[in-house]
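The values are calculated or read from the model by the stated rules, or taken from the named source; none is laboratory data. Since this is a predicted model, take the numbers as computed values, not measurements. Note that we place each Cβ from the backbone using ideal geometry, even for glycine, and neighbour counts take in every protein chain shown. Side chains are part of the model used for accessible areas, which takes the heavy atoms of the whole protein and leaves out ligands, DNA and RNA. Shrake-Rupley method; radii C 1.70, N 1.55, O 1.52, S 1.80 Å.
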Amino acid sequence: MTAQRTDERDNERRRAEHEPLLRIENVWKSFGTEQVFRGIDLEVDRGDVEVLVGPSGSGKSTLLRCVNRLTEIDEGAIYLDGERVTDADANVNELRQQVGMVFQDINLFAHLTARENVTLGLRRVRGFGKSEARDRADRELANVGLSDQVDSYPAQLSGGQKQRVGIARALAMDPKLMLFDEPTSALDPELSNSVLEVMERLVEAGMTMLVVTHEMRFARSAADSITFLEGGQVVERGPPERLFERPERERTREFLESIYG
Amino acid sequence: MASSTDARRLTLPEIRIGRVLAVLAAVAFWGWLLTRWINDWVLARIGIGPGAGVHFLEAEPFETTAERLAASADAYGPFAGVVDWVGSVVGAVGVAVDIAPVLAVGAWYTIVLTVVSIVLGLLIAVPLSLVRVYGGPFRWLALGYIELIRGTPLLAQLFVLYFGLPFAVWLHGVETIGQGPIPDQAFIIAVVGFTINSSAYQAEYIRGALESVDRGQLTAARSVGLSQLEGLRFVVMPQTLRYAIPAWTNELVYLIKYSSLAAFITVPELYYRASRIASRTFEHTAIYASIAIVYLAIVLTATVLMSRVEREVAIPGLGQAEGRHQGKTEGERE
Ligand SMILES: Nc1ncnc2c1ncn2[C@@H]1O[C@H](COP(=O)(O)OP(=O)(O)OP(=O)(O)O)[C@@H](O)[C@H]1O
Ligand SMILES: [Mg+2]
């Protein structure tokens, strides 16, 4: 068991040297007759923050859902840490533990307290004992500034507080990669800030993140690179300074102007 | 000066009096019923108390009073009608007292029949509704079952089970059934019938509640690594069952009353016993009024208990119907 663990860790290190943490390779996807992806390629290195932008319906949410297999791709492959996770026989529940996801509509478990929202996965998926899970949950909630709210139910929390619980819930699983799908777009601007602060701290801590957001400030300060998705393809990709100041494609400039004015 | 709205609002003492009366009525009813059951099936066996089926009260004084009132009604001139009516009420009370021991036994059958059937029905309804909503290709199977059961008369279902299938023959040899509080084979068939019937209705109520739980929560559960089944078990179902309580209470109330159909396959529950006595004594009004009161007491008790349960398990911060969706946006598509 331990020997196997060490082996795995060695493999991981070796992989890490050559492989990006996330590699999306020639992914195609359609819903019925609607072709959403026509060959998407994207690589995110360990510790990097990739911001995904694109018009409504361009498939940003779908791409995130494909990464943790909430949606299955038609063609191509997705690798996490060198492992081909889109294989039919890959362990989906294990993959999902390694990939945390934060949703636009937050989706807290309505019948559970903030703490219980975090402990559910720890107990049922990671097999933590009761007090162990509780301690871990309290630590995660403290990290997102919610020490006082551990016993509150979702309906008793503000939108910003709820979304921070959502982040704590995902982080408690010790994911390698975090997916954020417009985490602040359902929130009032004042409430967004607390969420963005938590995300910025996560960036500083070196978390690898794939973030769908139209928050200009976050994209400029935190992103290592921005990907502009449209028409089922990556239209342009580059560091924020270049993409914002000197986009290569006319279409990219138009789009960024349309959302950032 | 009190405004008109204030005048219509109940004052605190009034509410308290109402509660006290309700509690007194409940204590009297359940006190009587429990005492009867314990007396008939426990104490009587070991030789304590008046004996099984023996009256606690005598009907005689009521009967003689009623007769006397009826006989002398004419003497009261313009009030003859009222006196006559009072006489018949007193007479009805006499009848009620007379049949009370039989009603207590019938109520036992009615309550056990209802409770066992609704609980077994729930155990079937939960997976049934899950298959109906999340079961993929098996959805049609669940739908077929539900519609078949809901689309045919309950009485016909009972008859098919009772006369059409050989249950009665299988159950015939078992010794202990049909003794004292232990029901006979007709009763067991009735339980099977009501279980099947209420499972279909309960499944529909639960389906409604199931669909009111945002699908995004199941997605979120899967995104932390729970399987679909675990997500349903730990996230969706606990909320669904809470939201289903009001509709489920309706089903319970229906079942309490519809359990009287078991009389048609000879189950000696409340209605069966009452109708047998009525056809012998012709005291129809008094007898059916008596069982109406017993049904009413059982139904009210069930309603009060369930609304208490509903309050007990309510999710803090959530109203009964609002607040099931958290974000400002629509739930995610699957
Ligand atoms: N489960 C599904 N079934 C059918 N079509 C789907 C499904 N999920 C997504 N789509 C379609 O795929 C396209 C991409 O949707 P997606 O939600 O990924 O876009 P998006 O870029 O996230 O848009 P938005 O900015 O509005 O969130 C849309 O046209 C949508 O209608
Ligand atoms: Mg989206």
Flagged in region A:153-170 as under 26 Å from A:ARG96 (Cβ atoms), within 11 Å of chain B (Cβ to nearest Cβ) and among the polar types (S, T, N, Q), in numbering order, are A:GLN163
Look at B:PHE234 and say whether it is among the hydrophobic types (A, V, I, L, M, F, W, C), away from every other protein chain (no Cβ under 13 Å) and open to solvent by 30 Å² or more (accessible area, probe 1.4 Å).
no
What helices (runs of 4 or more DSSP H), lying completely within region A:1-114, carry at least 2 residues that are modelled with pLDDT under 95 and open to solvent by 80 Å² or more (accessible area, probe 1.4 Å)?
A:2-18
All conditions in (1) open to solvent by less than 50 Å² (accessible area, probe 1.4 Å); (2) modelled with pLDDT under 95; (3) within 16 Å of ligand 1 (Cβ to nearest atom) are true of A:HIS214 except (1)
Tally time: how many residues in region A:170-183 are open to solvent by less than 10 Å² (accessible area, probe 1.4 Å) and within 16 Å of ligand 2 (Cβ to nearest atom)?
3
Scanning region A:188-213 residue by residue, the ones that are within 14 Å of another protein chain (Cβ to nearest Cβ), within 15 Å of ligand 2 (Cβ to nearest atom) and not in a strand (DSSP E or B) total 0
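Does region B:266-287 include one or more residues that are at the interface with another protein chain (Cβ under 9 Å from one of its Cβ atoms) and more than 14 Å from B:PRO127 (Cα to Cα)? It would help to see each step written out before you state the result.
Quick first cut of region B:266-287, residues at the interface with another protein chain (Cβ under 9 Å from one of its Cβ atoms) only: none.
No; the residues of region B:266-287 include none that is at the interface with another protein chain (Cβ under 9 Å from one of its Cβ atoms) and more than 14 Å from B:PRO127 (Cα to Cα).
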Given the structure, is A:VAL92 more than 8 Å from chain B (Cβ to nearest Cβ), of a type in the set (Val, Ile, Thr), over 11 Å from A:ALA172 (Cα atoms) and more than 16 Å from ligand 1 (Cβ to nearest atom)?
yes
Residues of region B:37-89 being open to solvent by less than 80 Å² (accessible area, probe 1.4 Å) and in a loop (DSSP other than H, G, I, E, B), which ones?
B:ALA44, B:GLY47, B:GLY49, B:PRO50, B:GLY51, B:ALA52, B:GLY53, B:VAL54, B:HIS55, B:ALA59
Residues in region A:237-251 that are outside any loop (DSSP other than H, G, I, E, B) and either within 16 Å of ligand 1 (Cβ to nearest atom) or open to solvent by 10 Å² or more (accessible area, probe 1.4 Å) (or both) total 7
